[in-house]
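Read the structure below first, then the notes.
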Amino acid sequence: MLYRVIDAAELPLLVAAFMESYEVVAPVRTGKCYNFARIEDAGDIELGYDTTVIAPKKYVLPSAETLLEFDAKENGVTDYIAEIAPRVIFGAHACDINAINRLDLVFKDGPYPDPYYTARRKATLIVGISCTPSKNCFCHLWDSDEARFGYDLFLQDIGGRYLVSISSVEAANILEASCDPRVATDEDRISFRHATRRRQEAFNPDIPHIQEVAMLMDAFHKDPFWEELGGRCLSCTACSAVCPTCYCFDIRDVLDPDGKTGRRERVWDSCTAPQFAEVAGGHNFRANGRGRVRHRMYHKLNGFLANYNHMLCVGCGRCVTACKARINPIEVLRFFEQKGAEDGE
Ligand code: SF4
Ligand code: SF4
């Protein structure tokens with residue numbers, strides 16, 4: 001890994017240089033919230049944001065995309081090749097970079113790479129930015145508070161300047177051409193250490209740190225806790241809409257008004273929707289809230305780990321904010337904490 005330091009005042013030059021060749025999407029303020037959106041001016045970027053409502057996942061796995069087009073008149077099917085513009089996701093937090101790394105495992109690095117996802121991913125540069133945890137953040141519990149790979153540049157704010165971790169030649173060339181990067185000094189490294197420690201100390205201490213979560217998920221699989229948690233679920237699917245790692249999708253064929261031509265689309269789906277596990281004949285494998293919520297938490301905190309060696313939850317805290325029924329991984333951790341306290345009695 002190569003490290004350089006730039007002054008904070010140089011950042012708009014870096015953004016402007018990216019904008020010459022790429023579409024740049026970055027966190028901007030939308031009302032009381034933040035969201036990633038295409039920017040026209042570096043001054044629109046809000047790098048001090050806490051969390052965006054929707055994760056930058058939408059740029060590699062859009063909420064709806066066309067996969068193919070069909071034409072009954074010609075009896076033909078054509079691959080739909082979306083025009084994928086070279087893009088920079090500027091200002092992604094470590095948890096969201098780690099979330100995209102999880103999606104890569106599923107869509108890009110497996111035995112059957114998804115061509116749509118892979119094309120978007122290859123056309124995307126990622127510039128990360130250090131952050132200060134908000135009260136709902138718990139990325140440190142899943143080792144997602146630092147991004148060790150999956151970005152092109154990562155900017156660590158060390159007070160009036162940034163320590164820049166460089167991991168791609170493409171981004172290094174743009175950094176070199178637009179700014180005046182210098183070699184990091186011992187003072188820079190010490191400032192980096194202090195900034196890292198401040199971030200680590202800023203996590204909400206009320207969120208329980210539980211060991212062996214995956215094992216506990218198995219141990220309490222039949223506990224009435226899931227009935228209580230699932231009974232509260234409104235099936236609004238907000239949790240998966242905001243989650244940076246939820247990747248379930250549905251496929252639907254959309255006919256044009258002539259009834260002859262149309263397209264096949266992939267759209268985000270959610271395992272907390274009642275019809276998600278319904279099959280032909282009307283049987284539903286997860287017909288109640290208990291089954292659906294428990295399944296979602298299991299995939300996040302147990303099942304994905306078994307297959308990919310990583311938690312699927314990256315602790316971004318978005319579902320903690322989005323779920324009005326207070327159903328989220330922190331509630332699961334609190335349940336395990338309570339069970340541990342009861343065992344100790
Ligand atoms: S868990 Fe919460 S956010 Fe998710 S579907 Fe149920 S009520 Fe909605
Ligand atoms: S489950 Fe919740 S906290 Fe975990 S990654 Fe998804 S939205 Fe973030």
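The values are calculated or read from the model by the stated rules, or taken from the named source; none is laboratory data. Remember, predicted model here, so these are calculated numbers, not experimental data. Neighbour counts run over all protein chains shown; Cβ positions are idealised from the backbone, glycine included. Accessible surface is based on the protein model in full, side chains and every heavy atom, while ligands, DNA and RNA are left aside. Shrake-Rupley method; radii C 1.70, N 1.55, O 1.52, S 1.80 Å.
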Mind checking the alpha-carbon convex hull of the range 205-291 and giving the volume per residue in Å³?
162
Excluding Cys313 itself, calculate the net charge of residues whose Cβ lies under 11 Å from the Cβ of Cys313, where each Lys or Arg counts +1 and each Asp or Glu counts -1.
+4
Compute the signed sum of charges (Lys and Arg +1, Asp and Glu -1) over the other residues within less than 13 Å, Cβ to Cβ, of Thr30.
+1
The range 296-345: trypsin sites (Lys or Arg not before Pro) in DSSP coil with no more than 16 other Cβ atoms inside 10 Å:
Lys324, Arg326
When the helices in the chain are scored as -39500 (n - 2.57) per DSSP H run of 4 or longer and the sum is shared across all residues, what 222 nm value do you end up with, to the nearest 500 deg cm²/dmol?
-9500 deg cm²/dmol
C-alpha center-to-center spacing [the range 1-74, the range 251-290] in angstrom:
30
Computed on Cα atoms only, the convex hull of the range 213-344 has an orientation-averaged projected area in nm² of 10.2
Total formal charge among the other residues, if their Cβ is under 14 angstrom from that of Lys324, Lys/Arg +1 and Asp/Glu -1:
+2
Check each of the trypsin sites (Lys or Arg not before Pro) in the range 1-47 and keep only those in coil by DSSP with at most 11 other C-beta atoms within 10 angstrom; list them in order.
Lys32
In the range 213-344, carbon and sulfur make up what percent of the accessible area (probe 1.4 Å)?
53
State in Å² the accessible area per residue of the chain; use a 1.4 Å probe, count heavy atoms of protein chains only, and round to the nearest integer.
50
Along the dipole axis of the chain (charges at Cβ: +1 for Lys and Arg, -1 for Asp and Glu; origin at the Cα centre), the most positive-end residue among Asn284, Gly259, Pro329 is Asn284
Please report, in whole Å, how far the alpha carbons of the chain spread along each principal axis, starting with the longest.
73, 65, 40
Checking the range 263-339 for chymotrypsin sites (Phe, Trp or Tyr not before Pro) in a loop per DSSP with at most 15 other beta-carbon atoms within 10 Å yields Phe285
